[in-house]
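One structure is given below, encoded as structure tokens.
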Amino acid sequence: MKNTYFLSSAIFLFFTQLTFSQQSEENFAFKNYNSSLFEQQDSALNFLNSSRNSNNNDESFNKIKNSVVAIQQIGNFNVTLLDINSKKASISVNQEGNNNEYNLVKDGRSIMAEISQKGNRNIINDYSYKTNYETNTSMIQNGNDQNIKSIGTNSISKDMKVMQTGTGASVIILNKLN
């Protein structure tokens, strides 16, 4: 008797979920758009172009066109934060492990960075504001609990390469502007 009551209750709840989960056509978000609008490629492209923000200018388009960002993350809770203002940028980030973090905040003519973090709990912070140099940075961390903090850019650090191996190493690089 209990099994029959349980089974009939389960079936009843299943069908009530189906009836309440359906939306009426009045609430459908795209009811004003007809599917024939997208039958031709030109119509679809015109529709998409009309919905773009008209404040974009040629300079911002060229910045995007000359920028390449490649991020590969293998593991859990890896974070990459990029805030770049440059006419040309090429950023490559490879994070293998858990809880690795890479923060890049740079403002310059040309920014190139190659980052590799293999291990757990590694942190790289690279900050440089309004530099006139074309920077080419390479930072490699192989191990656990490593920390690199680089602040500023000058003629010595513009082509900087840093490699850390082992456990628990920290490096702070302060670059005074000339």
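The values are calculated or read from the model by the stated rules, or taken from the named source; none is laboratory data. Bear in mind the structure is a predicted one, so any value in this text is a computation, not a measurement. No Cβ is skipped: glycine too gets one built from the backbone with ideal geometry, and neighbour counts run over all protein chains shown. Ligands, DNA and RNA are stripped out before the accessible areas are found, and what is left, the full protein with its side chains, is counted by its heavy atoms. Shrake-Rupley method; radii C 1.70, N 1.55, O 1.52, S 1.80 Å.
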- Task: Taking H placed 1.01 Å from N in the peptide plane, check which residues at least 5 places from Met160 or on another chain put their amide H under 5 Å from its amide H.
- Result: Asn136, Ser138
- Net length gained if the chain between Met163 and Glu114 were fully extended (0.36 nm per residue, minus Cα distance): 16.5 nm
- Query: So what are the ³J(HN,Hα) numbers for the stretch 86-99, from phi and the Karplus equation (6.51, -1.76, 1.60; θ = phi - 60°), rounded to whole Hz, Gly and Pro as x?
  - Reply: 7, 6, 9, 9, 9, 10, 10, 10, 10, 10, 10, x, 10, 6
- Item | Within the stretch 63-96, backbone nitrogen closer than 20 Å to the virtual label 7 Å beyond the Cα of Asn142 toward Cβ | 72-75, 92-96
- Per-residue HN-Hα couplings for the stretch 104-113 [Karplus 6.51, -1.76, 1.60; θ = phi - 60°; Hz; x = Gly/Pro]: 10, 10, 9, 9, x, 5, 9, 10, 10, 9
- Query: How large, in percent, is the carbon and sulfur part of the accessible surface of the stretch 92-173 at a probe radius of 1.4 Å?
  - Reply: 48
- Cut-off under 5 Å, modelled amide H: who pairs with Tyr102 long-range: Val79, Thr80, Leu81, Ile124
- Query: Which pairs, out of Lys106/Lys161; Lys87/Lys161; Lys88/Lys149; Lys87/Lys118; Lys87/Lys149; Lys87/Lys176, put more than 20 Å between their alpha-carbon atoms?
  - Reply: Lys87/Lys161; Lys88/Lys149; Lys87/Lys118; Lys87/Lys149; Lys87/Lys176
- Residue-normalised accessible area of the stretch 99-144, expressed per residue, 1.4 Å probe, Å²: 42
- Query: Heavy-atom accessible area of Asp107 with all protein chains present, probe 1.4 Å, nearest 10 Å²?
  - Reply: 40
- Report the accessible area of Leu81, computed with a 1.4 Å probe over the heavy atoms of all protein chains in place, in Å² rounded to the nearest 10. 100
